[in-house]
Every structure is written in structure tokens, then in C-alpha cells.
Amino acid sequence: MSDIVPIKLVCLDLAGTTVGDIAMVERAFAEAIATQGIVPGTGAYARAMVHVHRSRGCPKIDVFRGIFPGNEAQAQAANLTFERSYEGALERAGLEPMPGVLEVLDKLRGNDVKLALITGFSRTTLSRVLGILGWHDRIDLAISPEDAGGRGRPWPDMVLHAVLRLGVADVRNVAVIGDSESDMLCGRRAGASVVAGLMTGVHSRERLLKGGATHILDSIVDFPGLILSDTLGATQVASSAR
């Protein structure tokens with residue numbers, strides 16, 4: 001690349017970015033809050049689901065703490081139900097990679113780019129996801145908030161954990177890709193040179209740009225051409241603002 005250092009590490013989000021399980025996640029949230037008395041058709045339910053939508057990408061326990069402020073026991077109970085519901089859905093329906101994602105992972109690895117999955121799921125849930133996907137030979141690292149000291153997105157900790165674990169010399173050698181505002185905030189706070197927002201998830205172009213996206217992509221299949229290009233520059237960056 002002519003104007004930034006080469007990308008040596010890519011940190012990729014899961015839901016809405018590399019796998020298409022957004023509906024499963026939202027159903028699990030709905031089931032979890034229902035066990036705590038917040039049921040569909042009520043104002044409390046509508047407010048809770050708005051919070052879920054705004055908090056996409058954040059650690060799931062932190063989402064529940066936002067729904068049940070000051071009641072850690074209730075937040076933990078809802079989080080446990082979420083994990084059981086989501087993992088049950090995984091067992092019944094499996095997971096489908098987003099179109100083209102396997103080819104993207106293979107192309108990046110083939111160009112000596114290290115890959116780290118970062119997620120708001122717990123380590124237990126992440127392990128289930130990885131077992132179903134069978135991506136162990138396609139990625140270098142998979143990180144949950146627990147692996148990075150407990151702080152997930154929008155904090156930069158998971159990206160910085162990947163930098164340290166994988167021996168990347170400079171945070172400018174990092175690219176982050178995701179579909180939520182918290183993904184963008186995490187990448188910018190970590191110092192990544194490229195923070196790419198995907199339009200395949202739940203947050204709008206405006207939300208992604210608000211979070212600090214340097215680029216907006218319609219599909220993950222466009223990502224290798226972005227970070228492997230020798231001409232990454234002002235035209236592409238400027239296009240993200242339109």
C-alpha cells in the first residue's frame with residue numbers, strides 16, 4: 001500500500017459479518033428478557049429490544065446490564081437464558097457463513113494475513129460456534145470478552161489482545177471489519193488503519209460512520225480487494241462518507 005502500512009492482522013466480527021445468525025440472536029434476546037417478565041406487546045419489551053439493537057456487538061452480559069440496571073442477579077439470569085436459547089438454536093439449525101466468507105478467509109490467509117474472530121459472545125458460546133463452523137484451520141485466534149480481561153466492544157481490548165497474542169508489531173498493521181457501531185468504535189480506539197463497516201448487519205451507514213468507519217462495504221467479498229490493494233487511498237476513503 002502506498003499511504004498506509006501493510007495490513008498484517010484482520011479482526012472480524014461474527015454475527016452479521018462472517019455468519020448470518022442475526023435473527024437467531026434476536027430471538028434469544030427476546031426469550032431471555034421474557035423470562036424476566038418483559039414480554040412482547042409491552043412498552044418495556046419495545047424499549048428493551050431497541051437497547052438490544054443499539055448495543056449490537058457489545059458483550060451480551062453488558063446488554064442485559066443495560067436492560068436491568070442495578071440488578072446484577074437479573075442480568076445474569078437473563079444472560080444464562082440467552083446462552084441456552086442461542087446454543088439450542090445452533091444445535092437445531094446450525095450456522096451459515098455469509099456468502100463468500102470462506103473464500104475471503106482463505107484469500108487473506110493465502111496472503112499471509114493473520115485472522116482473529118472477535119465477538120460479544122461468552123467463551124462457552126464462542127466455543128460452540130467454532131465447533132459448528134469448523135473454522136479452526138481458517139483462523140489464527142478467536143476472542144471473547146473474557147479472553148481480553150472482561151471488556152468487550154466498544155472498548156479496544158479484544159483487538160489489542162489479538163495484536164499481542166499474534167505478535168503484530170504495530171496497531172497500524174491492523175484492519176477491523178464488522179457490521180455494528182461498536183465494531184467501528186473498537187477498531188478506531190485500537191488504532192487500526194482500516195475500520196470497515198459492512199451493510200449486511202443491523203446498523204445503518206450513518207451509524208457505522210458515526211462509530212468511525214473508514215470504509216463502508218456492501219459485501220465482505222469486497223474486503224480483500226480493499227486491504228490487499230496497493231492503491232488504498234483517498235478515493236476509497238472518501239466514498240465511505242457518501
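The values are calculated or read from the model by the stated rules, or taken from the named source; none is laboratory data. In this text, all values refer to a predicted model and were calculated from it rather than measured experimentally. Reconstructed Cβ throughout: ideal geometry from the backbone, glycine too, with neighbour counts over all protein chains shown. We work out accessible area using only protein heavy atoms, side chains counted, and drop any ligands, DNA or RNA first. Shrake-Rupley method; radii C 1.70, N 1.55, O 1.52, S 1.80 Å.
How far apart, in nanometres, would the label points at ARG172 and ASP137 be if each is projected 7 angstrom from Cα along the Cα-to-Cβ direction?
3.7
To test your reading of the geometry: what angle, between 0 and 90 degrees and rounded to tens, separates the Cα axis of helix 181-190 from the longest principal axis of the chain?
Once rounded, the angle reads 50 degrees.
What label, among [x] 18.1; [y] 21.6; [z] 19.3, belongs to Kirkwood radius over Cα pairs in Å computed from the structure on display?
[x]
Per residue and in cubic angstrom, what volume does the convex hull of the Cα atoms of segment 21-93 have? Write down the numbers at each step before the final one.
On the way: hull volume 5.9 nm³, N = 73.
Convex hull volume per residue, Cα atoms: 80 Å³.
For LEU102 and SER204, compute 0.36 nm times the residue count separating them, minus their Cα-Cα distance, and round to one decimal in nm. Spell out each step's value before the answer.
Values: separation 102, 0.36 × 102 = 36.72 nm, distance 2.47 nm.
Gain on stretching LEU102 to SER204: 34.3 nm.
Using only Cα atoms, find the angle between the long axis of helix 101-110 and the longest principal axis of the chain, and express it within 0 to 90 degrees, rounded to the nearest 10.
40
Tell me the carbon and sulfur percent of the accessible area for the chain, rounded to whole percent, probe radius 1.4 Å.
Details: 5300 of 10340 Å².
Of all accessible area on the chain, carbon and sulfur atoms account for 51 percent.
Could you check the spin-label model distance between LEU228 and ARG27? Points 7 Å from the Cα along Cα→Cβ, value in nm.
With each label placed 7 Å out from Cα toward Cβ, I get 3.6 nm.
About the Cα centre of segment 1-77, what is the dipole size in debye to 20, counting +1 per Lys and Arg Cβ and -1 per Asp and Glu Cβ, all else neutral? Spell out each step's value before the answer.
Numbers: 7 positive and 7 negative charges, 24 e Å.
The calculated dipole for segment 1-77 is roughly 120 debye.
Among VAL163, ALA30, VAL19, whose Cα lies farthest out toward the positive end of the dipole of the chain, if unit charges sit on the beta carbon of Lys, Arg (+1) and Asp, Glu (-1)?
Going by the Cα projections, it comes out as ALA30.
How many percent of Cα pairs in segment 66-174 exceed 19 Å? All intermediate terms of the calculation are to be shown ahead of the outcome.
Numbers: 3251 of 5886 pairs.
Pairs farther apart than 19 Å: 55 percent.
Under 27 Å from the Cα of LYS210, which lysines turn up, not counting those fewer than eight places away in the same chain?
Of all the lysines, those that pass the test against LYS210 - Cα under 27 Å, at least 8 places apart if same chain - are LYS8, LYS60.
Separation of segment 123-141 and segment 164-194 by C-alpha centroid, Å?
Answer, in whole Å: 20.
At q = 0.11, 0.14, 0.16 Å⁻¹, what is the base-10 log of I(q)/I(0) for segment 1-133 according to the Debye formula with one equal point scatterer per Cα and no solvent? Please give it to two decimals.
Each listed q maps to, in turn, -0.46, -0.69, -0.83.
Going by amide H atoms built from the backbone, whose H comes under 5 Å of the H on VAL195, apart from near neighbours?
Amide H neighbours of VAL195: VAL176, THR214, HIS215.
Taking every pair of distinct Cα atoms and averaging 1/r, then inverting, what Kirkwood hydrodynamic radius in Å comes out for segment 122-196?
Details: mean 1/r = 0.0779 Å⁻¹.
Taking every pair of different Cα atoms in segment 122-196, averaging 1/r and inverting gives 12.8 Å.
Residues of the chain: accessible area per residue at 1.4 Å, in Å²? Write down the numbers at each step before the final one.
Numbers: 10340 Å² over 242 residues.
I get 43 Å² per residue for the chain.
Tilt of helix 43-54 relative to the longest C-alpha principal axis of the chain, in degrees (0 to 90, nearest 10)?
Here the helix axis deviates by roughly 20 degrees.
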